[in-house]
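Take a look at the structure below.
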Amino acid sequence: MSDRVLSGIVASPGIRIGKAFIYKGAKIVIPKYIIEESEVETEIARFYSAREKTKNEITAIQAQMAQNLSEDMADIFESHIMALDDPVVQQKTIDAIKKQHKNVEWAINDLSLELIASLESIEDEYIRERIIDISDIHKRLISNLQKIEYQSLADLKDEVIVFAQDLTPSDTALMNRENVLAFVTDKGGRTSHTAILARALEIPAIVGSVHGTSNIKNGDIVIVDSIHGNVIINPTNEEIAEYIKYQEDLLIMELELSKMNRLPAVTGDGTKIEILGNIELPEETQVIQDHGAEGIGLFRSEFLFMDKYLPDEDKQVAAYKAVIDNFSPLPVTIRTIDVGGDKVYALSDQYKERNPFLGCRAIRFSFANIPLFKTQLRAILRASAFGKVKLMFPMISTSDEICRAKELLDEVKETLRKDGIAFDEKIPVGIMIEVPSAALNADILAHHVDFFSIGTNDLIQYMLAVDRIGEKVAYLYNPVDLSVLRILKHVSEAAKEHNIPFSICGEIAGEPRYTMMLLGLGFRTLSMSSAYMFQVKQIVRLVTIAECEELARKLLSFERTSEADSYLHSMIKEKFPFLSLQ
């Protein structure tokens, strides 16, 4: 990659050309001084006043989001209000003022840094990205304490491409959509609230460019290629002409692909393929629906467990029901909590492991925390009374585990019956196939469950002993590895032999270059994010199962992964030259 080209993570797709604008946000300076005893009450009053003003500002942003986008998107800011209302945070701030005689800015800053440090030590990307939410609240509080005018991207007068070290959710929510052509940040990832808002606002965005802002000057002409994750600085006339043509081609393609929303996902020889959505948060349901998903194949429930306090049963029911109501009568598959104990803030002190990826995570964590697990099971069962719900257990590695999980589920069902609470007595129960032992024993596990969902993100990592985001070994992570192809084929055949539904919900399900391969390996249900849903559907409609199966046979015949990879790439490129394949 040259000095003229930056690379990052595609958070929201699109191509834009324009002038760079470096956004630095409000200039926050933290004054630190010791106050006199006589000043304590005045300082506490300052804290409450700034807190109230901050809460009013966030409520106003919520109202704007609800009006311009949806109630779900507005709910992103509910966690900000909850943090402001948190009695523990308030008490710690007041204690620092009363007992340590710190001024309120100093007290708030120390508390924020303490919380951020605890999250930075966690490897899970989703949780670490909540840091920017804390930063958002922190900046607003300090600005209001010092009566600093909070700079907003709503005030931009010219069309620009915004570059920033990071953008808070409120920065993004308040963007002038007419003048912000795109944005690029040094930090962040696809699951941050900022990235989710960018996709909802349909603003092309690249995050995690690391040193993007240090290579850009105000007024530089830049091309943001948020299809491939590149930024070209001060492009040549030829490059500009090339990307203008690319923009035009993409617009035509998007218009054509958007028609896919109303068309069935059926192959050329009449085989129905089910395309479902993956969501991290309830706020993503509208985007998934707009792309024609036929239900939710994976609703990750982890977001509920990332606050300071564990969610009660009613809070969980409300979150699940919000998604179920939006998709009814289509199916919604809810996966029980799938993180390690070190990721659950309320319990993190109890879980310190050398290798959490091989430790007490997912179903193992649930078994170690039975009350928490039963509360979640009760909530999912209660929510099942409102629509077509499926329950899925993560990281099952043995038949003993699934039997134990089902026994606990039966106990919870009995308590609901005694309490006279409605639920779906025949709720389908399935498992994630994401460790090699489960994949190899798929024929045995099929006796105990109603469906399989293959989570290829972890399965490939465990199969190949590769951390897919590890800089030194990520190149070894390959969905076309011969061992991966064989294990996917094995699971597919075991599920068909035992006549149980099965799907694939890892990232490769939503990558168009793998669609034919997966169909050829026997998959008929694909669950994915919205990014390439239209493209996947178009590929489905342009192929036959016979040619997909021939492709799979060809790939399985190679003795080297590089040969299989090269063959697949050249074949897909030749067959679908008009698609923007990853």
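Pick out the one residue from 202, 178 that is more than 16 Å from the chain's Cα centre (by Cα) and free of Cβ contacts under 8 Å to residues at least 40 places away in the same chain.
It is 178.
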Condition met for residue 547 (assigned to a helix (DSSP H, G or I) and modelled with pLDDT of 95 or more): yes
In the stretch 79-93, residue surrounded by the most Cβ atoms within 10 Å (Cβ to Cβ) [restricted to those that are over 20 Å from residue 170 (Cα atoms) and either within 22 Å of the chain's Cα centre (by Cα) or not hydrophobic (A, V, I, L, M, F, W, C) (or both)]: 93
Candidates 418, 496 - the one that is in the same structural domain as residue 519 (by TED's automatic domain parsing) and either at negative phi or of a type outside the set (Gly, Ala, Ser) (or both): 496
The stretch 20-60, residues that are free of Cβ contacts under 8 Å to residues at least 60 places away in the same chain, among the aromatic types (Phe, Trp, Tyr) and under 29 Å from residue 160 (Cα atoms): none
The stretch 504-524 - residue that is within 15 Å of residue 433 (Cβ to Cβ) and buried (at least 22 other Cβ atoms within 10 Å of the Cβ) and, of those, modelled with the lowest pLDDT: 506
Unique residue being surrounded by 15 or more Cβ atoms within 10 Å (Cβ to Cβ), touching a residue at least 24 places away in the same chain (Cβ under 8 Å) and acidic (Asp, Glu) when the list is 450, 443: 450
Residue match in the stretch 227-244 (condition: at positive phi and more than 27 Å from the chain's Cα centre (by Cα)): yes
Qualifying residue in the stretch 455-476 (condition: within 23 Å of residue 297 (Cα to Cα), at pLDDT 90 or above and not in a helix (DSSP H, G or I)): yes
Number of the condition not met by residue 271 [criteria: (1) surrounded by fewer than 20 Cβ atoms within 10 Å (Cβ to Cβ); (2) hydroxyl-bearing (Ser, Thr, Tyr); (3) within 20 Å of the chain's Cα centre (by Cα)]: (3)
Residue in the stretch 252-266 that is in contact (Cβ under 8 Å) with a residue 40 or more places away in the chain, out of contact with any strand residue (DSSP E or B) (no Cβ under 7 Å at 6 or more places or on another chain), crowded, with 21+ Cβ neighbours inside 10 Å and not basic (Lys, Arg) present: no
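The values are calculated or read from the model by the stated rules, or taken from the named source; none is laboratory data. All figures in this text were calculated on a predicted structure; none of them were measured in a lab. When we count neighbours, we look across all protein chains shown, and the Cβ atoms used for this are built from the backbone with ideal geometry, even at glycine.
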